[in-house]
Every structure is written in structure tokens, then in C-alpha cells.
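Engineer: Dumping the structure here so I can ask a few things about it.
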Amino acid sequence: MSPSENATTFRLISLVIIAVLGLQLFAVIARPGKWTWPFTDYPMYSHSRHDGDRVVARHFVVGTTVDGEEVAITPKDLGVVLWVYERWAGALMAAAQKTDAAASANDQAAQSSQLPRFTRHEWPLRRWLKSTALFQLFKSKPDPDLAAMLTEHFQTASGHRLVRLRVEDTPVIVTRAGQAAAPPRSVEVELPLSGSD
Amino acid sequence: MTVKWWNGYWFRPAPYVDLALVRLFAVACQLWLLLAWGKFSSETLEALWALPEPLYDPITLLRLFLLPWGWEYRPSPQFMAIVFYVSVVAGLLAFVGFRTRLSLLVFALTNAFLVAYAYSHGDFHHTEAPLIIALGILALSPAGRVLSVDQLIRRWRGGSDEDDDILTAESPLAGWPIRLVQWLFVLIYLSAVLSKLVFEGGLDWLNGYTLQYYMIQDTLRKGTLLGGWFSQHHYLVMLSQYLVVIFQTTFALAVMFPRLRWIYVPLGLGFHAGNWILLNAAFPEWMALYAVFIPWRHVFTRMLRREPEGRRDPQLAT
């Protein structure tokens, strides 16, 4: 390569280097999640947990039909992979807890902390990013109402008409010595859900 | 002065063989994930397609890829299967080094497409991004100059032998991709530690219970080799949390002071192996990319007891 070709090549590559490092640095600071993937932030396992926190590995959902029959609903019955099923069960739990203030309060109490927690701040750069027209153009759709959507999806696919869903979990709690048994939680959700009307 | 420093850092001559080895590790790892791990197998693509339409929310990169078909276009499993097979063929060509730049570029783009498609259905993980970026970077570099079919073709056509010696050949364009991926690691680990201590967690992230919680959770959900057992040892877990934070905070030292890689590379590989064993959180792409921290020519010349003339201690410096 001639010196002038070399200089041009160096300049072009320098632009690539600056772009790659700049985009990644932006992702580190602005934390845009998957919006700018593959330049993204890395918050894996970053939430603090505490003595006595509940760990819920799996949820189980049982439906009650109009005839009073109980039907266990598995991910296969729902036609989705496990993580979608878990999101559905979590959304059902949340729907039930909205109307059950006591359960919610108990859950808060279970989240004991030994050390003071940091409050999560929306940093100025992140606030600004969210307000830009570009972000509004690309931003994710609003979260679908999973609880209502998948419940309806199951009823259509299986032919069952449900009046109620029961969601159970099988939790353990974190202790200094490892895991310890914790009482399971069971909530009931009356159907139809408000989102499915 | 600044330009001189910049060019001196990024375009310091480096051996082609180091870059070629990074190409081999990166491509082999991604091919292994595609072919042996069943990433984006027809079952996976069908399962994604079967998810209800409202769950499909294309991420930015996928939207850009699919612009010709429309803003909200959702590719069918057949469409994705074609992308998959193109990716496999490109990967095989990139591995053997045939039309290396082009095959690497196609391999990087098709893999980015596949991952972006999967992450447009609600789920999101962090394992693939560094390798996808690295493949894109390699596509812009002379990663197929040696240890490649391209090199054989060049020799067969009577190309210059002097530039083609596997161990001695070097170029100002062979080092920047390696250094860039190294700095990418620094920023990634910085993001991880900032998330733990500033953005999401806080100083109480280091309380021991945090990692116990995740080990118990992942053991119950996915099964782990030793996570259940290790989670019973509170102080050991707490110590490992401190080690992780120190490692991630100071990782830049491994790039600035190459001799420290004797500490940081085994520590980093151990850290990722530990994640695999204790949390069933597999990051093979990251482990493969640690190839950027190995001074391959140095290793080979030591093994062959042959120091290239006039090229003392051929890095450690990359």
C-alpha cells in the first residue's frame, strides 16, 4: 500500500474503532437494553437480594371450567415455551395481588434488608434518550396484556371455558445456610380478566 | 502528537497469525453453537413463530434488516431457515478462510439477524453480542491472510512468500481488531460492575445473599452442577462476590499492562467457567473471545523453540 492509501485506510479504521467504542460506551452509560443490541448494557444478576427473600422457581396454573372441573394448564397446553408461561403466571399473580393489598404487604415484609438499599435513579442521559424522537420511533411496543391474552389463547385452543384460574408457586427462602422451605402461595383470579373484555 | 499516539497504538505492526487464531476461535465457537447446541434449530424457530403475534416486537437491528419488507414484518420459519443455512455455509467458509472477508461479513450479519429475531419475541440475554460485534470487526480486517485457503490460493498464484510466513508475517492492520475487542471486554465488564454497584444493585449487592439467591434460583429452575452446594457457604459466596467486583472493575489493567494477563486471563476464564458450573449461565462466546488476550505467535515460537529473527518478544504487546 502507498503511504496515502495507508493514511486513508487508517482514517477509515479509526472511524470504525471510535464508532464501536462510542456505541458500547453509550450503552454502558445510557443502558438502553436491547434497543441498541448488539451494543447493550450488561446488568446480569445485578439486583441485590437479602436474607429471607423468596425464590420462586416455577409456577403452576389450574383452571376451573364452567362445569366446576379443574384443569391443570402446562406450557405445552398453552402452546408456549416455559419463560412465556412463567411470565403469564407472574402476570396472573400480579393481577390477583392488585386486589389483595394484604398479600402485597406481606410480600414487601418478606423482602427484608440488612443493609440500606440504593434507590435506582434515572440518570439525565437516560431521561434525555427516552425523550428523543429517535427513541420514540424505535421503542418497544407497550407490553401486551399477557394475562388476558394467553388466557384467551388457551380457551380458544383447548375449547375449555374457564371461570377461574388458580396460580400456585413452590418457593424457598434464602438463608445464610442456603435455601429453606417457605410456605407456598396460592392466588385465585376470577375470569374474565379486565383486559380480555 | 495525538494522531501519532493514536496510530502508534492501534496500528502498531502485529502478527497475522494472532488475528487468524482469533478468527478460528470465534467462528468455530459460533458454528458449534449453531450446529451442536441447536441454537436456531427448526424446532426453536417454529416455537418462536408459534408465539402469539403481540409478543413479537422487533428490535432495532431486526427492523433495519427487514426494512425492505416493512416496519413490522415478521419473518416465517422458512425465511429464518434460509438465513440459518446461509449462516452455516458462510461460517464454514470463514473458518477455512475462503473469501474470508466476505464470508466473515455474511456470517456476522446472518448471526446478528438470527439473534435479533430471537430477541424480538420478549426474551433477552447477553451472551451473543460481543461475539457478533467481534465477527463484524474481523470481517473488516485481514483475518484470512494466514491459516486460510485464501493464503494457499495466493501462494498457488505465486504471491509473495515473504508476506505469507505464518509466524513472521505481520501488518499494521493486524493488531487493531484484537485491541478493539480487548477494550470491548473492558467496557462490558465495566457495565456489569456499574449495574451491580450503582445502577441496579448498590453496595449491599456484596452481602453474600445476592449470589446465594441467584444460585438457588438457577439451581431450581435450570439445574446447576454445584450451585446448590455452593449456595450453602455464605462467606465463600460473599468472597466470590468481592472477587467478581474487583475483577470486573480493574479489567482495564489487563489491556494496559499485558503481563497482567497471566492473572486476568485465567481469572476471567475461571469466572466464566464458575458461572457455568454454579449458575448454569453459559457464556462460551465470551470464553472463545478470550483468544484476543493470548499472544499466539509468542506461544507458537516458544513451542517450536524458534524466535523469529529481529522480532523479539512478539507480544505480549497486542
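Engineer: Just to confirm the filter: which chymotrypsin sites (Phe, Trp or Tyr not before Pro) across region B:19-73 are DSSP coil and have at most 10 other Cβ within 10 angstrom of their Cβ?
Structural biologist: Loop-located and lightly packed - B:Trp71.
Engineer: State whether chain B is rounded, prolate or oblate according to the following rule on the C-alpha gyration tensor (a ≥ b ≥ c being the square roots of its eigenvalues): a/c under 1.5 gives rounded; otherwise a/b larger than b/c gives prolate, and the remaining case gives oblate.
Structural biologist: Verdict is oblate for chain B.
Engineer: Tell me the label-point distance for the pair A:Ala19, B:Phe98, using the 7 Å Cα-to-Cβ offset, in nm and rounded to one decimal.
Structural biologist: Between A:Ala19 and B:Phe98, the label points sit 3.0 nm apart.
Engineer: Further, regarding this structure: Go through B:196-209, B:272-285 and give me the packing order, highest mean Cβ count within 10 Å leading.
Structural biologist: B:196-209, B:272-285
Engineer: What's the center-to-center distance, using Cα atoms, between region B:27-72 and region B:121-200 in Å?
Structural biologist: 24
Engineer: Across all directions of projection, what mean area in square nanometres is found for the Cα convex hull of region A:1-46?
Structural biologist: Directional mean of the projected Cα hull area for region A:1-46 stands at 4.0 nm².
Engineer: Moving on. Towards the positive end of the charge dipole of region A:7-88, with charges on Cβ (+1 Lys, Arg; -1 Asp, Glu), say which of A:Trp83, A:Val28, A:Ala57 has the farthest Cα.
Structural biologist: Checking the options against the dipole of region A:7-88, the answer is A:Val28.
Engineer: So, one more: What's the average, rounded to a whole number, of partner chain beta-carbon atoms within 10 Å of each residue's beta-carbon in A:145-152?
Structural biologist: Across A:145-152, the average partner-chain Cβ count within 10 Å equals 2.
Engineer: First measure r as the distance between the Cβ atoms of B:Thr127 and B:Tyr242, then evaluate 1/(1 + (r/R0)^6) with R0 = 25 Å and state the FRET efficiency to the nearest 0.05.
Structural biologist: Efficiency for this residue pair is about 0.55.
Engineer: Per residue, what volume in Å³ does the convex hull of the Cα atoms of region B:1-174 enclose?
Structural biologist: Looking at region B:1-174, the number lands at 144 Å³ per residue.
Engineer: Where the centroid of each part is defined by its Cα atoms, how far is region B:219-246 from region A:1-40 in Å?
Structural biologist: Cα centroid of region B:219-246 versus Cα centroid of region A:1-40: 36 Å apart.
Engineer: Now for a separate question. Please give the charge dipole size of region B:1-174, origin at the Cα centre, charges +1 on K and R Cβ atoms and -1 on D and E Cβ atoms. Round to the nearest 20 debye.
Structural biologist: That gives region B:1-174 a dipole magnitude of about 380 debye.
Engineer: Set the Förster radius R0 to 45 Å, insert the Cβ-Cβ distance between B:Val3 and A:Thr132 as r into 1/(1 + (r/R0)^6), and round the FRET efficiency to 0.05.
Structural biologist: Efficiency for this residue pair is about 0.90.
Engineer: I've got another one for you. As I understand it, the dipole of region B:1-174 uses +1 on the Cβ of Lys and Arg and -1 on the Cβ of Asp and Glu, about the Cα centre. Which of B:Pro58, B:Gln151, B:Ala134 lies farthest toward its positive end?
Structural biologist: B:Gln151
Engineer: Let me ask something else. Checking understanding here: applying a Kyte-Doolittle mean of at least -1.0 and a length along the axis of at least 20 Å (C-alpha), which whole DSSP H helices in chain B pass?
Structural biologist: B:16-35, B:77-96, B:100-118, B:176-194, B:234-249, B:261-279
Engineer: Regarding region B:142-251, what's the average projected area of the Cα-atom convex hull, expressed in nm²?
Structural biologist: 10.8
Engineer: Starting from a Cα-only point model with no solvent, please compute log10 I(q)/I(0) by Debye for the protein assembly as shown at q = 0.11, 0.13 1/Å.
Structural biologist: -1.08, -1.41
Engineer: Next question. Calculated from DSSP H runs of 4 or more alone, at -39500 (n - 2.57) each and per residue, what is the 222 nm mean residue ellipticity of chain B, nearest 500?
Structural biologist: Computed ellipticity for chain B at 222 nm equals -19000 deg cm²/dmol.
Engineer: Same structure again: How large is the charge dipole for the protein assembly as shown, taken about the Cα centre, if only the Cβ atoms of Lys, Arg (+1) and Asp, Glu (-1) carry charge, to the nearest 20 debye?
Structural biologist: In total the dipole reaches around 1720 debye.
Engineer: Moving on. Apply the Karplus parameterisation 6.51 cos²θ - 1.76 cosθ + 1.60, with θ equal to phi minus 60°, to every residue of region A:43-53 and state each ³J(HN,Hα) to the nearest whole Hz, in sequence, with x for glycine and proline.
Structural biologist: Rounded to whole hertz, the list is x, 4, 6, 9, 6, 6, 10, 9, 4, x, 5.
Engineer: So, R0 is 41 Å and r is the distance between the beta-carbons of A:Arg58 and B:Leu67; what FRET efficiency does that work out to, to 0.05?
Structural biologist: The formula returns an efficiency of 0.55 here.
Engineer: Can you give me the relative contact order of chain B as a percent, contacts being Cα pairs under 8 Å and 6 or more apart?
Structural biologist: 24
Engineer: First check a/c for region A:21-96, with a ≥ b ≥ c the square roots of the eigenvalues of its C-alpha gyration tensor; if it is under 1.5, answer rounded, and if not, answer prolate when a/b is larger than b/c or oblate otherwise.
Structural biologist: Prolate, because a/c is 1.5 or more and a/b exceeds b/c.
Values in this text are rule-based calculations from the coordinates and carry no lab data. Since the model is a prediction, treat every value here as computed from it, not as a measurement. When we count neighbours, we look across all protein chains shown, and the Cβ atoms used for this are built from the backbone with ideal geometry, even at glycine.
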